[in-house]
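The structure appears right after this line, and notes come after that.
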Amino acid sequence: MKKQQTGQSMDRVDGRLKVTGGAKYFADHQLPELLYAALVCSSISNGTIKSINTTKALRAPGVQDVISHLNAPPVPGYKNSDPNAKDGLKIFKDNRIYSNGQPVAIVLANTMERAVHAASLVEVQYNQETHYTDMNANMGKAFQNNRMKDYTRGEADAWKKAPVTIDATYSLPLEVHNPMELAGIIAHWDTPDTLVLYAKTQGVKNVQDTIKRLFQIPEQNITVHSQFVGGGFGMALRVWPLEIATIVAAKKVRKPVKLVITRDQMFTLVGYRPNAVQRLSLGATADGKLTGITHEAVAVTSPYEDFTEGIVSMSKFMYACPNVTTRYKLVPLNISTPIWMRGPGEATGAFALESAIDELSYKLNIDPLELRVLNHADTDPEKDLPFSSKYLKEAYQLGAEKIGWSNRKAAPRSMQEDGMLVGYGMSSGTFGAFRGKATVSATLKADGSLILQSAAADIGPGTATAMVQIAADVTGIAPAKIKFMLGESAYPFAPQQGGSSTVSTLGSAVTDACKALQQKLAGLAISHVPAFKNAAPETIIFEDGQLLRAGQSEKISYETILQQQQLPEVNVVATSQSGEERKKYSMYSFSVHFTKVHVHPATGVVRIKHIVSVADAGTIVNAKTARSQMIGGVVGGIGMALTEEAVMDHRFGRFVNNNYADYHVPVNADTPPTDVYFINKKDPYINPMGSKGMGEIALIGFAAAVSNAVYHATGKRVRDLPITPDKVL
Ligand code: MOS
């Protein structure tokens, strides 16, 4: 038998293209007669546009047009004022301004520099109204959205009656995604009702579907190309007003238009992780059994959309606790709409829950790891179902061993090293292990190569590589002869790359397509190959890219069947989705993060010295890309814990640190040795590979692991992220 590919550290199939500049990202595409766009964005945060004077801009060299609500072709599919309509901001529909940075016009010119310059010449006058951007000052506006109702299991707010309690408020600032690749799009109307797009997206089919709805043209008239994406983290999970503005502009001028937004515009045009305030209350018996959890969250949204996410979800099922209450509200502010950002909801919630558990451990004088094991949920207490697989206890044990948890002295501020205060902290993370519906086309060529196609995305994790490994194991074809193609709307349907679900969803469809291909080859052999004539299909065995017959010695390779029949290729298309298992089991991935920190006793500077992260993510398909994925999530977690915060000046409703210099994402110097371990045990129910998701759990919980370590080092509990030196002192 050939070497199993799943689990190997196979190099990325597109790695060479990516590091040599051969990979074409959306903005790399050039079209004849291409115009460049620049946005003019609102300088006020609430009000209406009084006038737009474009005279100077239109006179500037190379300028083709300036488009605003005054002259834009209408978007026929915009619905009226339903905040849950998913239209987003209805760009250029009227003169209403909801937030600072909202695009009010798009300028087109024959070079990017000319477009940017002309945009600075557009004169906009406003009727300014009072704006509201400060969440804490506007808590009175909080309301409940129907999608996220209050939850009670057992007795409401039972924590209040417990002998030992924790009741604390945790806050998280607004965080932005800011992948290196900026957002934008190239839009080209081939004819008045056929549109070609080069997009930055986590799902070409989602773009196609949104455009179909908004512009009311048939799906087959919309082509979306997005083969390479320079990072997403959730910001490319929807079509944004900046993209609609470009499409509208291209429609008006009947030429292809390219927009690439600026770094500062990334803070206002492509969503963000909403700032949130959470009250977490725990009740426990004196020997450490949780008797009540109440988790209340308030997060921000825009005036025109209700964005909700699972901030309080984890508290419902993470621990075996009979009484759980969650409440979740939104505060609409004069800012743009949030969007999912890596570990959406759970990352915010886990900071509160896992910090509070840590606080409780000190109050009870029980080791924080032991307290978690003591309250481990063996079955899902929310859904009242068994978990499809859960190896969290093993992950706790492995992580503790690798970080040297046994060296940790229990008392806060009791350890020192090189003049630094030393702290150890840990936290758990979890996220739903999903599986959606996807279709894969598999074509075997007469030369024995296999081409797989699906309209999936790869925002970085290495999707095509993992799919090649899965296909190699099912078919026995060597990875070098398999090609997985994605990022084209013309390919069969795949959902967006999000929610840590791609390997699960797409890998299942790849498996099914490869199996269907084998059955088709078996059918050909039974009909045409003498040694296989009239064989019962179930007696045919597939091994190493060949067909065998049980108990007989004849073999025939896949390509020989095609060659003998003079077939250039054989194609199958297979669709795959979850079965009944999903109703019988609760499916989650789990992680545990351990950190060791140094805190400078005089300055309060926190340096993370060592990280151990362990994931229970089912079968690991590619050990190398999986490790990278985990490290990437951890780096995001370091930012969340220590540095990331979009700071707004509420007098103007504007961000003051909207650039890479002032909005601190971790750099190499902030990132210590990170040891990643996988339990790597198959989930028996989720999908044929047994793989659960990993992208989200890589980050979820991490900030609490740092905050808990800082407390252990210093005795100072920081409940307000990021943990900057001023808060530690
Ligand atoms: Mo992600 S927030 O699942 O792109």
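For the range 472-609, what Kirkwood radius comes out of the mean inverse Cα-Cα distance, in Å? Here the Kirkwood hydrodynamic radius works out to 19.1 Å. Rounded to two decimals, the Cα radius of gyration of the range 134-254 over 2.2 N^0.38 Å is 1.62. Max-minus-min Cα coordinates of the range 503-553 on each principal axis give 38, 19, 16 Å, with the largest extent listed first. Between THR560 and ASP720, full extension at 0.36 nm per residue minus the direct alpha carbon distance yields a gain of 51.1 nm. For the chain, hydrophobic long helices are taken as DSSP H runs at least 24 Å long by C-alpha position along their axis with mean Kyte-Doolittle hydropathy of 0.0 or more; these are 346-364, 502-528. Listed peptides 213-224, 357-368, 430-441 appear in the order 430-441, 357-368, 213-224 once ranked by packing, highest mean of other Cβ atoms within 10 Å at the front. Calculate how many DSSP beta bridges within the chain are antiparallel, expressed in % of all such bridges and rounded to the nearest 5. Here the share of antiparallel DSSP bridges comes out near 80 percent. A prolate overall shape is assigned to the range 114-205, the ratio a/c of its alpha-carbon gyration tensor axes (a ≥ b ≥ c) being 1.5 or greater and a/b exceeding b/c. Our coupling estimate for the range 65-78, obtained by passing each phi through the Karplus curve with A = 6.51, B = -1.76, C = 1.60 and θ = phi - 60°, is 6, 10, 10, 9, 4, 6, 9, 6, x, x, 9, x, x, 5 Hz, Gly and Pro reported as x.
Please compute, over every Cα-Cα pair in the range 321-379, the percentage with a separation greater than 14 angstrom. Summing the P(r) of the range 321-379 above 14 Å gives 71 percent of all pairs. By the count of neighbouring beta-carbon atoms within 10 Å, fewest first, ARG582, ARG342 end up ordered ARG582, ARG342. What the Cα atoms of the chain give is an Rg and a Dmax of 27.3, 85 Å. In this simple spin-label approximation, GLU569 and LEU58 carry label points 7 Å from Cα along the Cα→Cβ vector, and these lie 5.1 nm apart.
Pairs spanning more than 24 Å between alpha-carbon atoms, out of LYS515/LYS584; LYS316/LYS390; LYS3/LYS437; LYS90/LYS149; LYS316/LYS596: LYS515/LYS584; LYS3/LYS437; LYS90/LYS149; LYS316/LYS596.
The ranking of ASP512, ASP720 by Cβ neighbour count inside 10 Å, starting from the fewest, reads ASP720, ASP512. A convex hull fitted around the alpha carbon atoms of the range 188-266 yields 90 Å³ per residue. Based on the Cβ-Cβ distance of ASP193 and ASP94, what FRET efficiency does E = 1/(1 + (r/R0)^6) give at R0 = 25 Å, to the nearest 0.05? So, using R0 = 25 Å, E works out to roughly 0.50. Here the dipole of the range 631-679 is about 180 debye; that uses its Cα centre as origin and unit charges on the Cβ of Lys and Arg (positive) and Asp and Glu (negative).
Remark: C-alpha extents of the range 150-190 on the principal axes read 68, 23, 11 Å, sorted largest to smallest.
Please identify the trypsin sites (Lys or Arg not before Pro) of the range 380-434 that satisfy two criteria: DSSP loop assignment and at most 14 other Cβ atoms within 10 Å. Which are they? Walk me through the numbers on the way to the answer.
Details: sites: LYS383, LYS390, LYS393, LYS402, ARG408, LYS409, ARG413; in loops: LYS383, LYS390, ARG408, LYS409, ARG413.
In loop regions of the range 380-434 (DSSP not H, G, I, E or B), the sparsely surrounded trypsin sites (Lys or Arg not before Pro) are LYS383, LYS409.
Against the empirical 2.2 N^0.38 Å (N residues), the range 563-637 has a Cα radius of gyration ratio of 2.00. The charge dipole of the chain, taken about its Cα centre with unit charges on the Cβ of Lys, Arg, Asp and Glu (plus for the first two, minus for the last two), comes to roughly 360 debye.
Rule-based calculations on the coordinates, nothing more; no lab input. Owing to the predicted nature of the structure, the values given are computational and were not obtained by experimental measurement. Cβ sites come from the backbone with ideal geometry, for glycine too, and all protein chains shown count toward neighbours.
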